[in-house]
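Heads up, the thing below is written out as structure tokens.
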Amino acid sequence: MSLKAVLFDFNGVIINDEPLHEQLIEQILLGENLRPQPGEFRKVCLGRSDRLCLKELLTNRGRVVSDSYLTELIERKAQAYQKLWHEKSEQLPIYTGVEDLIYQLTSRNIKLAVVTGAIRKEVELVLNSTNLAKYFNAIIAGDDINTSKPAPDGYLLAVERLKELYPNTNLQPANCLAIEDTPVGIQAAKQAGIAVVGVANTYPFHMLQRQANWTVDYLHDLEIERVQKVLREKK
């Protein structure tokens with residue numbers, strides 16, 4: 001098997017904005033007259049879609065909300081995210097090694113996609129603001145699927161989308177590599193049949209090492225040639 005596509009998670013892999021999302025989720029809870037709990041965002045929300053995150057947080061507090069109301073909350077959060085992004089973008093850097101890795105991959109004609117629980121308008125805002133949008137061939141966002149990681153649906157859809165865009169590649173999950181920073185993201189990629197690099201931006205190296213195929217402290221530590229060699233040796 002040869003490496004034909006790399007599928008990036010977004011928050012915690014490309015952009016260091018998870019503290020901002022935690023702040024916005026807490027604001028929503030406070031707006032609902034509910035009190036945020038220490039460590040709850042990390043436990044419930046990291047690596048998962050806003051919809052699943054908010055639904056679980058509200059359910060845990062005895063609130064039953066409709067899908068339409070969840071959509072309203074998500075839209076409210078998205079608007080607040082855009083406002084804060086413009087205020088704090090200089091404090092929310094792209095992670096070290098992301099741009100160099102993107103250049104390495106595109107120079108080898110490896111296709112790139114984003115697979116995330118974040119909503120599309122947030123992803124596009126960041127990628128356009130940082131001039132990275134042109135390198136990604138597809139985006140599978142939280143509003144493209146009805147499930148959330150650790151379900152594999154987002155990754156499977158990304159493979160199908162890239163296969164449709166580039167039919168000559170005959171792309172399969174075994175030709176792909178996912179880059180994730182959370183255990184639920186790693187589970188999602190593996191359930192889709194995709195090898196995973198865990199990058200220790202959010203969780204400790206040793207925790208990801210137990211689950212991912214490769215683990216790195218920083219993306220500039222990832223050796224693409226080594227990954228390609230391992231994939232080529234697989235039958």
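Taken over the range 1-51, the criterion of being outside any loop (DSSP other than H, G, I, E, B), touching a residue at least 60 places away in the same chain (Cβ under 8 Å) and open to solvent by less than 60 Å² (accessible area, probe 1.4 Å) is satisfied by Ala5, Val6, Leu7, Phe8, Asn11, Ile15, Glu18, Leu20, His21, Leu24, Asp50. Counted as qualifying within the range 98-182 are the helices (runs of 4 or more DSSP H) with 3 or more residues that are farther than 29 Å from Leu73 by Cα, out of contact with any Gly (no Cβ under 8 Å at 6 or more places or on another chain) and open to solvent by less than 50 Å² (accessible area, probe 1.4 Å), namely 98-107.
Please indicate, with yes or no, whether at least one residue in the range 76-93 is within 15 Å of the chain's Cα centre (by Cα) and open to solvent by less than 70 Å² (accessible area, probe 1.4 Å). No - not one qualifying residue is present in the range 76-93. Of the set (1) touching an Asp or Glu at 6+ places or on another chain (Cβ under 8 Å); (2) more than 28 Å from Pro152 (Cβ to Cβ), all apply to Glu26 but (1).
Kindly evaluate Val199 against the criterion of being of a type in the set (Val, Ile, Thr), more than 30 Å from His86 (Cβ to Cβ), in contact (Cβ under 8 Å) with a residue 60 or more places away in the chain and open to solvent by less than 10 Å² (accessible area, probe 1.4 Å). No. Within the range 61-97, being touching an Asp or Glu at 6+ places or on another chain (Cβ under 8 Å) and in a loop (DSSP other than H, G, I, E, B) holds for Arg63, Leu92, Gly97. Against the numbered list (1) under 22 Å from Gln172 (Cα atoms); (2) crowded, with 20+ Cβ neighbours inside 10 Å; (3) in contact with an Asp or Glu (Cβ under 9 Å, 6 or more places away or on another chain), Trp214 comes up short only at (2).
Any idea how many residues of the range 211-229 are free of Cβ contacts under 8 Å to residues at least 40 places away in the same chain, more than 19 Å from Ala192 (Cβ to Cβ) and not in a strand (DSSP E or B)? Looking only at that region, the number is 5.
The values are calculated or read from the model by the stated rules, or taken from the named source; none is laboratory data. Every value quoted in this text rests on a predicted model; they were computed, and no experiment measured them. Counting neighbours? That spans all protein chains shown, and the Cβs are built from the backbone with ideal geometry, glycine included. In case anyone asks, the SASA skips ligands and DNA or RNA and just uses the protein heavy atoms, side chains included. Shrake-Rupley method; radii C 1.70, N 1.55, O 1.52, S 1.80 Å.
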